[in-house]
Amino acid sequence: MASIVEPRVLGYEEARERVLDGVRPMPGEIVPLAEARGRALRESIRAPHPLPPFRNSSMDGYATRSDDLAGASRERPVELPVVEVLPAGRIASRALRAREAMRIMTGAALPEGADAVVPFEDSERIGGPGEGAPPGHPDPLERARFVRPMRPGENVREAGADLAAGDLALEEGRDLSPHDLALLAGLGVARLRVGPRPRAAIVSTGDELLPIEEPLRPGTIRDSNLPLLAALLEEAGCEVVSAVRVPDDPARVAARIREGLGEADVVLSIGGVSAGDFDPVKTGLGELSEIELWRVAMKPGRPQAFGRPGGRLFFGLPGNPASVACVFEALVRPALRRLQGFASLDRPRIRVRAAEAIESRAGRTDFVRAVLEQRSDAWWAAPAGAQISGHLTPQARAHALLIVPEPVTRLAPGDPADALVLRWPEPGPA
Ligand code: AMP
Ligand code: MG
C-alpha cells in the first residue's frame, strides 16, 4: 500500500545545491561538425596550424615591394611591369623581384618578396588584360601605375594573425555557436567531442487534462504543460523519448514513472505532488525509492519531488504552468546543462531595475515573470501581468524571470535586481 511521506522544506539555494550535487556530466560523444551546434564542447581545441595558414592579400590589387613605391605621387607616378596574375588558390611561380608587380586577388598567397598590396582603386592598369593574354595571365605588355607610397604590410593578412598554431581556439564546456563551427572548420576540425543529448521522459498527470485536438468538455482544460516541457527540454539539449498523459491513478502514475526511468536519463512528472486528495505522484511515490518530496521555498513552484533513482534524474514538477516554467529554469535546466557538460548552467543573468514596486515574503525566493525594456540608463523590468501561477499569458509575454532573493521583502521602483533572460525583446511594439 502506498504511504504518504511528509515533504522536506528547503530554501531555493539549498535545493539547487542538492540537485546539482552529484549530477556529473554524462560521457561525451564524437560527432561531425555539422551536428555540433548548441552542444557542449567536451574537449579543448588548440589550433593545429596558424589562421590564416599563409600570408595573403586582403584586397584585389597589385602585390608590390613597398620600397619600390617610396616617393610615388600623382606628379611622379611609379610604373611597374605586371609579371604574373594570382587568383585565390594559385601560388606564384617565382618570387617578386625589385621593380615588378603581380596582379593579385583577395585571399591569394602573397608572393615571396612582396610586402604590400595596392588596391585596384589606387592604381591604374596600362595595357592588358585580355589584350592578347589568356585569362589569368598578364599581357606581356601589361604595366601598372602607382600614385602613392605603401606601408610595409598594407593590405596583407599575416599568417597566424587570427590565431597562432598551438593557441587555445575554444575551451571545453563551451556552448557551440554557428561562429564556433566556422572557427573549427577553419582549423580543419571535422569531428569533435560534444556532450550527449540526454533522453527525457515526461509524465503528465491529471484527470482534467485533454490533448490539444480534443474539444473542451465541462471541467476539463487542455494540457499546456506537456508541450511546454517538451519544448523546454528540446531547447535545453534533450531528446524527448516519451511524453505521456496519465489519469490521477497513483499506481498507473508510478508504473509510468518506472517505465520512464527504464528508457530515459531524466524523468519529469507534472502535477499531482501537492496535498490534494487525488495527487497521484505524491501518493504513488511511496512505491518508488530514492525519491524525496520537497517543499522548496520559491514562488512559483513550491511542492515538488526530486531524486536520483538508479542513477537517473527524477523531477516531480508542480502542475501550475508558471510553476513548471520556473522550476524548470531554476532547478531542472541547470542540471540538464551539467549532464551535458556545459560550463555555464543558467540563462544569461543581467542586472535590471524594477519598473514597479514588487512585494515578496521573507524566507522565499520569488521569480517574477517580467517584461524587459531597455532605457538609456539600464534594463528595466516590469511584472508581465498578475503573477498568478495558473495563468499562461504572463509567461508567454515575459522576457525574463526577475529574482527576489530570500531575505528581500520588497523592491521599490528603481531598485536593482538580477534577472534570468528567457528571450530578448523583439524590436518594435510589444
Ligand atoms: P496539481 O498540482 O496536479 O494539483 O495541479 C495544479 C494546477 O495545475 C491545477 O489547476 C491543474 O489543473 C493544473 N495543471 C496540472 N497539470 C497541468 C497541465 N499538464 N497543463 C495545464 N495545467 C495543468
Ligand atoms: Mg493534478
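Read-outs throughout are calculated quantities, based only on the coordinates presented, and are distinct from any laboratory measurement. Just so it is clear, the structure is predicted and the values come from calculations on it, not from any experiment. Ideal geometry is used to build each Cβ from the backbone, glycine not excepted, and the neighbour counts take in all protein chains shown.
Charge dipole of the range 56-157 (Cα centre as origin; +1 on each Lys and Arg Cβ, -1 on each Asp and Glu Cβ, all else neutral): 140 debye, rounded to the nearest 20. Proximity of backbone amide H atoms, modeled 1.01 Å from N, is registered between Lys299 and Thr365, Asp366, Phe367 at under 5 Å, excluding neighbours fewer than 5 places apart on the same chain.
Neighbours of Ala36, meaning other residues whose beta-carbon lies under 14 angstrom from its beta-carbon, give a summed charge of +1 when Lys and Arg score +1 and Asp and Glu score -1.
Please compute the Kirkwood hydrodynamic radius over the range 349-421, one decimal place, Å, based on all pairs of different Cα atoms. Every distinct Cα pair counted, the radius reaches 12.0 Å. Extending 7 Å from the Cα toward the beta-carbon at both Ile30 and Glu426 defines two label points whose distance is 4.2 nm. Over what distance in Å are the Cα centres of the range 297-361 and the range 30-107 separated? Distance between centres, Cα-based: 51 Å. The fraction of all Cα pairs in the range 1-83 landing in successive 5 Å bins from 0 to the largest distance is 2, 7, 9, 9, 8, 7, 7, 6, 6, 6, 6, 4, 4, 4, 4, 3, 2, 1, 2, 1, 0, given as whole percents.
Considering Cα pairs under 8 angstrom that are at least six residues apart, work out the relative contact order of the chain and quote it in whole percent. For the chain, the relative contact order is 17 percent. Note that the range 71-82 has calculated 3J(HN,Hα) couplings of x, 5, 7, 4, 6, 10, x, 9, 10, 10, x, 9 Hz, one per residue in order, obtained from phi through the Karplus relation 6.51 cos²θ - 1.76 cosθ + 1.60 (θ = phi - 60°); glycine and proline are x. A Förster distance of 35 Å, applied to the separation of the beta-carbon atoms of Glu121 and Ala182, puts the FRET efficiency at 0.75. Neighbour counts of C-beta atoms inside 10 Å place Val31, Val371, Val327, Val404 in the sequence Val31, Val371, Val404, Val327, starting with the fewest. Our note on the geometry: Cα centres of the range 136-172 and the range 363-430, 50 Å apart. Sorted into 20 angstrom bins from 0, the C-alpha pair distances of the chain split as 21, 36, 21, 17, 4, 0 percent. Derived scalar couplings between HN and Hα for the range 355-367 equal 7, 9, 5, 10, 9, 9, 10, 4, x, 9, 8, 9, 10 Hz in order, rounded to whole Hz, by the Karplus curve 6.51 cos²θ - 1.76 cosθ + 1.60 (θ = phi - 60°), x for Gly and Pro. Put simply, the amide H of Glu172, placed in the peptide plane, has neighbours under 5 Å in Ser44, Ile45, leaving out anything fewer than 5 places away on its chain. Kirkwood radius and radius of gyration were both taken over the C-alpha atoms of the range 233-360, and their ratio Rg/Rh is 1.00. Counting only Cα atoms, the size of the range 165-252 along its three principal axes is 68, 27, 17 Å, in decreasing order. The stretch between Ser44 and Ile91, if pulled fully straight at 0.36 nm per residue, gains 13.6 nm over its current Cα-Cα span. Between His137 and Ala98, the FRET efficiency estimated from the beta carbon spacing at R0 = 22 angstrom works out to 0.50. Out of every Cα pair in the range 287-430, what percent are spaced more than 20 Å from each other? Taking all Cα-Cα pairs of the range 287-430, the fraction more than 20 Å apart is 51 percent. Among 388-399, 292-303, sorting by the average number of other beta carbon atoms lying within 10 angstrom of each residue, highest first, gives 292-303, 388-399. Its residue count N sets the reference 2.2 N^0.38 Å, and the alpha-carbon radius of gyration of the range 56-157 equals 0.95 times that reference. The stretch between Glu356 and Arg18 holds 118.3 nm of extra length on full extension. This uses 0.36 nm per residue minus the Cα-Cα distance.
DSSP finds beta bridges in the chain, and of those with both partners inside it, around 65 percent are antiparallel.
Rounded to the nearest Hz, the phi-derived 3J(HN,Hα) couplings of the range 240-253 under the Karplus curve 6.51 cos²θ - 1.76 cosθ + 1.60 (θ = phi - 60°) are 7, 8, 7, 9, 10, 9, 10, x, 6, 10, x, 5, 5, 5, where x marks glycine and proline.
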